[in-house]
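Just below is one structure, and these are the notes that go with it.
Read-outs: derived from the displayed coordinates by stated rules, not from any lab. Keep in mind it's a predicted model, so treat the numbers as computed, not measured. Because the Cβ atoms are built from the backbone with ideal geometry, glycine has one as well, and the counts that use them run over all protein chains shown.
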Amino acid sequence: MTKNNYFLLLALPILTGCSSGQDGNKSGIAEGKGIITGNGMVVSAHRESSMIGNEILMKGGNAVDAAVATEFALAVCYPEAGNIGGGGFMLIRLKDGKSDVIDYREKAPADASRDMYLDKSGNVTNGLSTETHLASGVPGTVDGVIKAHSKYGRLPFREVIQPAIDLAEKGFPLSLRQAQSLNSNRINFLSRNSGKTAFAGDSLWKEGDYLIQPALAETLRRIRDYGREGFYSGKTARLIVKEMKRGNGIISEMDLNGYISVSRKPIETFYRGYKVITVPPPSSGGVILAQLLRMTEPFSIAEMGFHSVAAVHLMVESERRAFADRAEYLGDPDFMKVPFEKLISDKYVLQRMSSFYKEKATPSKDIRPGVPEKSLSEETTHYSVVDAEGNAVSTTTTLNGTFGNSIVVDSAGFLLNNQMDDFSVKPGFPNMYGLVGGEANSVQPGKKMLSSMTPVILESNGKLFLVAGSPGGSTIPTTVFQMVVNVIDFGMEIQEAVDAGRFHHQWLPDLVSFEKGSLDSLTVRQLTDLGHVFNVRAVIGSVNAIGILPDGKRSGGADKRGNNTAFGY
Ligand code: GLY
């Protein structure tokens, strides 16, 4: 970070008042984008969830308590992606340096089968894996966050979940952006549900209207009172199964009872001396990020310059190769041998880059037509938390599409995921993100669909340095990659690194997507001369990050691309 940036940053925080933390120190609460605080911080996609997480920190909760409170709050205030009907990955790094991944990715139900989305002629049935009850995997979020809390939490669970219950019951005012988001999905809410839902009533939403969700509050109360049983058995499980029967879905009570999240060893690699900690399969995100960082480390990106022809070319060529490996090798490690350690080894990535030419693009094996812009659909959400002691949580969680499959479990008030589309429903057939895959990611009962979620934590000299992640489907790993490069190679401060323009390549289709205005026309022309083909997208990713400054303060980066908000004290 340059000195100028640092002082600019100090001028940005909005101090909203003073309060006393449990330690008795008088400390101000800061909220907004680009804030700096001295103790704890939460950055998430919504003001309410960040505020709730920060309140838990100020009550003496640790980063995991705050993460769990934030996650449940997101299920209320950010139904686009926050969820109890979906899944995710929570990466935890404790202040003593120990780290853990809680994998609460959804699973295919026991009655799922390899060709369940194909018609009699073997063609993919349009919309079956995205818009119907059959699109849902067995949800993992509730089991995952309860596991995280029981392993690492400090405050009682009821205290941590209660703010989300209150939020669902009392409601919260909608921003213009969120009112528009709900309105644009209204037709799906109305056509895919049996009656009225909290998300689509008699009239369109306006900015400032309150979203009140009594049925969701009831479900959250059952989780508060009975823990995982409040979701995976009893009334909630019965309501889910009833909802499934209404729409020919296949999730059974046995699937729900049997869902168990797992603790996994994080992937660890290095980039220019920083330790990079991220998630292993069944997310592809950590493998891709590690490959990208190792592939580019031998080159001086800083000397090439931010968004220079040379830097974009190098990064795009790395992305092309990493995504080609994703399609071939990655899937659920509980079902097959995933050679991810080999894929991120130096020997392998160097060999992979031996076909990299500085002066021309390497065409992807099969050139396919570009996929239409789908940015509205690819909603996932990421939050980052750091507490006063230095414990950190980096979580990405999702329903897959925006509002999942738009199906609300009747009388339980929560949305179901359409995560089954993240399987390769037919080898070579692109999913909603245009990603292709093969046998490694085929549908099998009880298997987890391959994810791209990439929560990351970086250490510098053994100390916490950066917590980050993003939504964006297939663009998640490339977004996180650019975030890391922006901070480490280009020395950007956190908010600047989060807001900087982004680009993306995923092997197939053989296209470089870039955000409008992020690459100048001369750069695009010169890259086109090298053989790259471009398409413009409105938005790529939405990063929520916390950096630790040299003086130990927390610097929050809440992406300008959304209502993302940092809250800290
Ligand atoms: N559904 C988005 C992902 O897991 O990558």
Show which aspartates and glutamates lie in cross-link reach of residue 98 when reach means a straight Cα distance below 16 angstrom and same-chain residues fewer than eight apart are skipped. 268, 387, 389, 459
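What's the exposure ranking of 203, 364, going from fewest to most Cβ atoms within 10 Å?
Working: 203 9, 364 19.
Least crowded to most crowded, the residues run 203, 364.
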Debye log10 I(q)/I(0) at q = 0.06, 0.11, 0.12, 0.13 Å⁻¹ for the chain, Cα point scatterers: -0.26, -0.93, -1.13, -1.34
Distance violations [Cα-Cα > 30 Å] among 33/235; 151/553; 265/447; 59/170; 206/235: 33/235; 206/235
Hey, can you list the DSSP H helices of the chain whose Cα span along the axis is 15 Å or longer and whose average Kyte-Doolittle score is at least 1.0? 63-77, 285-296, 476-488
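In the stretch 529-569, which trypsin sites (Lys or Arg not before Pro) are in a loop and have at most 10 other Cβ atoms within 10 Å, using DSSP for the loop call? List each step's numbers first, then the result.
Numbers: sites: 537, 553, 554, 560, 561; in loops: 553, 560, 561.
Here no trypsin sites (Lys or Arg not before Pro) fit, given the DSSP loop and packing criteria.
A 21 angstrom limit on the alpha carbon distance is what I want to check against. Which of 275/358; 448/560; 147/242; 107/242 exceed it?
Numbers: 275/358 28 Å; 448/560 32 Å; 147/242 27 Å; 107/242 19 Å.
Too far apart for the 21 Å limit: 275/358; 448/560; 147/242.
Per DSSP helix of 4 or more residues, -39500 (n - 2.57); summed, then divided by the residues of the chain. What does that give at 222 nm, rounded to the nearest 500?
On the way: 20 runs with 195 residues, N = 569.
After summing the helix terms and dividing by residue count, I get -10000 deg cm²/dmol.
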Antiparallel versus total DSSP beta bridges in the chain: what percent is that, nearest 5? 95 percent
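Taking the highest mean first, how do the peptides 501-511, 57-67 order by number of other beta carbon atoms within 10 angstrom per residue?
Details: 501-511: 23.3, 57-67: 25.7.
Highest-to-lowest ranking by the protection proxy: 57-67, 501-511.
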The exposure ranking of 130, 125, fewest beta-carbon neighbours within 10 Å first, is 125, 130
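Given 10 °C and 1.306 mPa s, compute D for the stretch 127-175 with the Stokes-Einstein relation, Rh being the Kirkwood radius over Cα pairs; round to the nearest whole µm²/s. Intermediate results must be reported in sequence, preceding the final value.
Values: Rh = 13.8 Å.
It comes out at roughly 115 µm²/s.
I need the peptides 343-352, 81-90 ranked by packing, meaning the mean over residues of other C-beta atoms within 10 angstrom, with the highest value on top.
Numbers: 343-352: 16.7, 81-90: 29.9.
Answer by packing, highest mean first, reads 81-90, 343-352.
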So if each residue of separation counts as 0.36 nm, and I subtract the Cα-Cα distance between residue 526 and residue 176, what length gain in nm does that give? 122.1 nm
